[in-house]
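Everything on this sheet refers to the single structure shown next.
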Amino acid sequence: MAQRTRWIVPMALGTLVLGVGFSSRSNAATAHDPTPQGRDWASIAKLPDWQGIWELDWQHNPRLMGSAPPTLVPAAQAKLTAYKRGQEKGENLQSDAANCLPPGMPQIMTQPYPIEFLFNPGKVVMVIEAYSQVRHIYTDGRAQPADPDPAFQGHSTGHWEGDTLIVDTVGFVPDSQIAPGIGHSDQMHILERIRKVDPEHLQIETTISDPKVLAKPWTTMHPYVRVHDELREYVCEENNHDSADAQGRPGQRLNQ
């Protein structure tokens, strides 16, 4: 994997977690602004300003203390059970990320690497340090495509409700996962609500719906903290010593 100096927190089943409480704070300047972001830069100036770099707030993230998993339909639960049994046998130790493939949505949003948010006419851009990924959230009023091309990050549209950016995402590659051992179908739909709590804290509420996998929608909350730093390069291909075979076992052993 890429050579990094940041500390890493192992990602477990609870990649998305039930939230923590932050006090509610709204931006009155945008509460009644009907102007879609995208007509001009003046409309962006009226939005709540949370441009900048953020990362998961591990100090206040309950994932580190465990969290309730999603409720699965029987077929998906059987696959998860088989996945866990494979882990006990030494399988499923590594995902396709060992071969430099990004995890895709929703797991890309909970990597232990920072994310930069940039406001532009017509869209909000997320530059994600992990795997050098970029998400485009189109806020110019366009509809979702009827048949979107599958992508690791899906296709996202957004709109503002007061101080909150509502992001709607569809169209995912089939190999991405909701969480380790939990795949998704072509009906997965992700809704995010992003808002700044205070100058140093952001929170993202995520609701995942997939009637073929989830018995009910799974709503989670993650806190983020502002990073007073800059993004760094993440180039997995430069140090790819961690490839995996079909069973998720390391394909190259460094002690040989």
request  = Test Gln51 against the stated conditions and say whether it is farther than 16 Å from Glu200 by Cβ, within 23 Å of the chain's Cα centre (by Cα), modelled with pLDDT of 55 or more and among the polar types (S, T, N, Q).
outcome  = no
task = Hey, could you check the stretch 196-218 for residues that are under 15 Å from the mean Cα position of the chain (by Cα) and touching a residue at least 40 places away in the same chain (Cβ under 8 Å) and say which is surrounded by the fewest Cβ atoms within 10 Å (Cβ to Cβ)?
result = Glu205
remark   = Counting only residues that are free of Cβ contacts under 8 Å to residues at least 60 places away in the same chain and either among the aromatic types (Phe, Trp, Tyr) or part of a strand (DSSP E or B) (or both), the stretch 74-132 contains a total of 3
task = Go through the stretch 131-145 residue by residue and tally those that are over 19 Å from Pro211 (Cβ atoms), of a type outside the set (Asp, Glu) and surrounded by fewer than 19 Cβ atoms within 10 Å (Cβ to Cβ).
result = 7
key: In the stretch 92-111, the residues that are touching a Gly at 6+ places or on another chain (Cβ under 8 Å), over 14 Å from Ile178 (Cα atoms) and of a type outside the set (S, T, N, Q)   = Leu93, Ala98
query = Is it the case that the stretch 173-183 has a residue that's without any contact (Cβ under 8 Å) to a residue 24 or more places away in the chain and charged (D, E, K, R)?
reply = no
message = If I filter the stretch 81-104 for residues that are more than 17 Å from the chain's Cα centre (by Cα) and among the acidic types (Asp, Glu), do I get at least one hit?
response = yes
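The values are calculated or read from the model by the stated rules, or taken from the named source; none is laboratory data. Here the structure is a predicted model, which is why all the values come from computation and not from measurement. With ideal geometry, Cβ positions are generated from the backbone for all residues, glycine too; neighbour counts draw on all protein chains shown.
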